[in-house]
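The values are calculated or read from the model by the stated rules, or taken from the named source; none is laboratory data. Owing to the predicted nature of the structure, the values given are computational and were not obtained by experimental measurement. Heads up, the Cβs are rebuilt from the backbone with ideal geometry, glycines too, and the neighbour counts pull from every protein chain shown.
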Amino acid sequence: MEADKEECLILAIESSCDETAASVVKNGRQVLSNVISSQIALHTQFGGVVPEIASRKHIERINQVIEQALADAGVTLNDVDAIGVTYGPGLVGALLVGVAEAKAIAFAAKKPLVGVHHIEGHISANYIEHPDLEPPFVCLIVSGGHTHLVIVKDYGEFEILGRTRDDAAGEAFDKVARAVGLGYPGGPKIDEAARGGNPCAVEFPRAKVEGFPYDFSFSGLKSAALNYINKERMTGREIPVPDLAASFQNAVVDALVSRAVPAAKEYGYGKLAIAGGVASNSALRLAMSEECRHAGIKFYYPSPVFCTDNAAMIGVAAYYEFLKGARSGWDLNAVANLKLGER
């Protein structure tokens with residue numbers, strides 16, 4: 001970025017799963033455009049994301065999505081200072097589409113390339129609507145593929161306090177929703193069904209990992225819910241879907257809140273944020289808000305559109321990486337299982 005230039009524009013690309021997205025972000029906080037082409041309707045018939053189909057759809061849509069993002073922002077490639085792109089973690093075929101596109105644009109337009117970690121992007125979504133939020137703070141990232149509890153020490157610098165030992169919370173939501181016939185995606189379906197149910201109707205387990213108080217485990221909870229569904233069906237009883245959804249959701253929310261808020265207190269942070277697709281869950285937002293209020297901790301969360309996969313959050317993360325001097329080479333590749341903190 002030129003030293004005397006007051007504006008820094010990042011063109012960001014996200015294609016890690018089943019959303020083809022592009023965005024133009026100004027100075028790391030202002031979203032000038034945020035275009036998302038979702039494949040949810042396509043994958044719903046399969047009960048989940050089919051990687052090969054996702055990759056093909058990304059190829060079909062990515063050029064149009066980027067052109068639309070530039071048009072909506074009222075800028076051209078010449079105005080952009082750098083290209084940011086998710087390169088992991090995610091579905092490797094889907095990631096490769098975005099990475100190849102970003103490299104081609106950066107090469108042709110002679111722009112710097114900045115590879116972005118997907119989870120760092122989710123964390124950065126909080127900066128979009130909260131101008132007062134700056135590191136350090138504690139952040140809980142909850143999505144279909146990830147459940148992490150981290151200290152955000154600085155922009156792009158993290159200390160992991162806990163993570164799931166098996167299933168991610170969003171994955172558990174999806175599998176239970178599918179088993180009970182609610183469909184895909186499971187998180188929003190269970191959230192909606194739970195509004196008419198009793199969260200104490202079914203007693204589900206809350207697993208703890210001995211010696212690791214901030215780690216998560218959702219496989220036992222998921223199995224308990226699936227066993228309950230199978231037992232009810234085998235005995236011919238009608239499954240009380242609202243009660244099941246509310247009880248299952250209550251157990252997940254309890255597991256998340258009971259780790260995140262105590263972690264913030266123990267490590268002495270007065271700010272706690274949540275991020276990722278499950279961060280849009282209404283019960284989680286309410287419970288976390290109340291616990292933070294009681295603990296005297298300021299609570300932050302993104303709007304639902306910035307919780308699910310989007311390119312605006314990638315543009316924010318890329319901006320702060322760009323300012324720190326991070327540049328990716330033409331050998332940038334997709335890394336399906338990229339760990340947070342790795343580059």
Q: Taking the options TYR320, TYR269, name whichever one is in contact with a helix residue (DSSP H, G or I) (Cβ under 9 Å, 6 or more places away or on another chain) and under 18 Å from ILE83 (Cβ atoms).
A: TYR320
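Could you list, in sequence order, all residues of the stretch 1-28 that are exposed (fewer than 15 other Cβ atoms within 10 Å of the Cβ) and either basic (Lys, Arg) or over 24 Å from ALA73 (Cβ atoms) (or both)? Step through it out loud before you land on a result.
Step one: filter the stretch 1-28 for residues exposed (fewer than 15 other Cβ atoms within 10 Å of the Cβ), giving 1-7, 27.
Within the stretch 1-28, LYS5 is the sole residue that qualifies.
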Q) What residue, of GLY329, GLY315, is outside any loop (DSSP other than H, G, I, E, B) and either closer than 29 Å to VAL65 by Cα or touching a residue at least 24 places away in the same chain (Cβ under 8 Å) (or both)? A) GLY315
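What number of residues within the stretch 287-312 are of a type outside the set (A, V, I, L, M, F, W, C) and part of a loop (DSSP other than H, G, I, E, B)? Break it down stepwise before answering.
Going residue by residue through the stretch 287-312, those that are of a type outside the set (A, V, I, L, M, F, W, C) are 289-291, 293-294, 296, 298, 300-304, 308-310.
Within this subset, residues satisfying the condition of being part of a loop (DSSP other than H, G, I, E, B) are 296, 301-303, 308-310.
Of the residues in that region, 7 qualify.
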Q: Considering only residues that are modelled with pLDDT of 90 or more and not in a strand (DSSP E or B), look in the stretch 1-19 and name the one that is nearest to TYR155 (Cα to Cα).
A: CYS8
Q) With respect to the numbered conditions (1) under 24 Å from ALA168 (Cβ atoms); (2) outside any loop (DSSP other than H, G, I, E, B), which one is the sole condition not fulfilled by LYS339? A) (2)
Q: Kindly state which helices (runs of 4 or more DSSP H) lie completely within the stretch 20-113 and contain at least 3 residues that are touching a helix residue (DSSP H, G or I) at 6+ places or on another chain (Cβ under 6 Å).
A: 51-73, 92-109
Q: Enumerate the pairs (first residue in the stretch 111-134 and over 14 Å from GLY28 (Cα atoms); second residue anywhere and part of a helix (DSSP H, G or I) and modelled with pLDDT of 95 or more) with beta-carbon separation below 6 Å, excluding pairs fewer than 6 apart on the same chain, so at least 6 apart or on different chains.
A: LEU113/ALA106
Q: Please work out which residue is surrounded by the most Cβ atoms within 10 Å (Cβ to Cβ), limiting yourself to the stretch 156-190 and to residues that are over 17 Å from the mean Cα position of the chain (by Cα) and under 19 Å from LEU140 (Cβ atoms).
A: ILE190
(Q) Looking for something free of Cβ contacts under 8 Å to residues at least 40 places away in the same chain and part of a helix (DSSP H, G or I) - is there at least one such residue anywhere in the stretch 274-281? (A) no
Q: Working only within the stretch 188-221, note down all residues that are of a type in the set (Gly, Ala, Ser) and outside any helix (DSSP H, G or I).
A: GLY196, GLY197, ALA201, ALA207, GLY211, SER217
